[in-house]
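The values are calculated or read from the model by the stated rules, or taken from the named source; none is laboratory data. The model shown is predicted, which means the values in this text are computed figures rather than measured ones. Note: ideal-geometry Cβ built from the backbone for every residue, glycine included; neighbour counts use all protein chains shown.
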Amino acid sequence: MPKGKEAKGTKLTLKAAKNAIQITRDGRRRLILSNMGLTIFPKCLFKLTNVDELDLSRNQIQKLPDNIGDFSSLRWLDLHSNKLESVPESIGNLVGLTHLNLANNYLTSASLPSSLGSLSNLKSLNLGMNQLDALPPTMERLVDLQELALFDNLFVKLPDFVKILRKLTKLNVTRNPLTHVKEKNERMKKKMAEPKEEVYLIHESSLCQTCLQKCKAQRERITMRGRGDGSTVFHVKKKKAFSGLLTPNSVASVTQDVWRVKDKVKNKKIK
């Protein structure tokens, strides 16, 4: 941040910009001009031909200069949270860029230049929080791209070339009206709305005489079904009952502890 920060909305001087340059641990020259209320791109920055990283985020810049591509030393450019409505074609000349952040602006698909595909060294591209529903087909040439952020946009379908970017390991497309996501959500809602059959496992001793007779009759109908008409006969094998389920029963193993408790209480009452 420049010494004696200027009032918001005023013109940035070359001296103030020079004072803001920092040297990173790896020897790069970083210029941070974030949240200064800048409404235009400071033209004086073009005189700083040795700046590697430029942060102009959280300002109110509405337009980038047509000759932004002359800033050839840039390797890292952060313009997120401005008021940009377009990106000039000359940005494709910044072939040294490895990181580009254009998130949270007013960009549309028509305002993205085809020259983005010329940024052959780009590894990270953030286009989130804009008004995009498509990407320039030339971006299929970004073979080194590893991270692509498209969150909070208007994508119904992602470009096919995204699938062929072999080095792409991080893709953020959350909060987009993607068709396949909508279809999946609809299927889930429909499935949740379907009536579900519930099966309850209870011990015979818990049934009244009438219910017990109905269950036995149903079991006999299943066993007898198909006899005499050539269909398959289903035999229901009666499983051995274990008093109090002290011995594991495969169909009631999850309730063993409950029945053990009931059995103990019952034995105490008998005594």
Region 7-60, residues that are acidic (Asp, Glu) and either closer than 25 Å to SER86 by Cα or in a strand (DSSP E or B) (or both): ASP52, GLU53, ASP55
Residues being surrounded by fewer than 16 Cβ atoms within 10 Å (Cβ to Cβ) and under 22 Å from TYR106 (Cβ atoms) - total across region 44-60: 1
Flag if VAL51 is in the same structural domain as THR138 (by TED's automatic domain parsing) and in contact with a strand residue (DSSP E or B) (Cβ under 9 Å, 6 or more places away or on another chain): yes
Within region 66-101, considering residues that are among the small types (Gly, Ala, Ser) and surrounded by fewer than 18 Cβ atoms within 10 Å (Cβ to Cβ), the one nearest to THR39 (Cα to Cα): SER86
Filtered residue count, region 48-70, keeping only those that are of a type in the set (Gly, Ala, Ser) and within 29 Å of the chain's Cα centre (by Cα): 1
Subset of region 71-102 [over 16 Å from ASN121 (Cβ atoms) and under 24 Å from the mean Cα position of the chain (by Cα)]: ASP78, LEU79, HIS80, SER81, ASN82, LEU102
Within region 24-39, considering residues that are on the phi > 0 side of the Ramachandran plot and in contact (Cβ under 8 Å) with a residue 12 or more places away in the chain, the one surrounded by the fewest Cβ atoms within 10 Å (Cβ to Cβ): GLY37
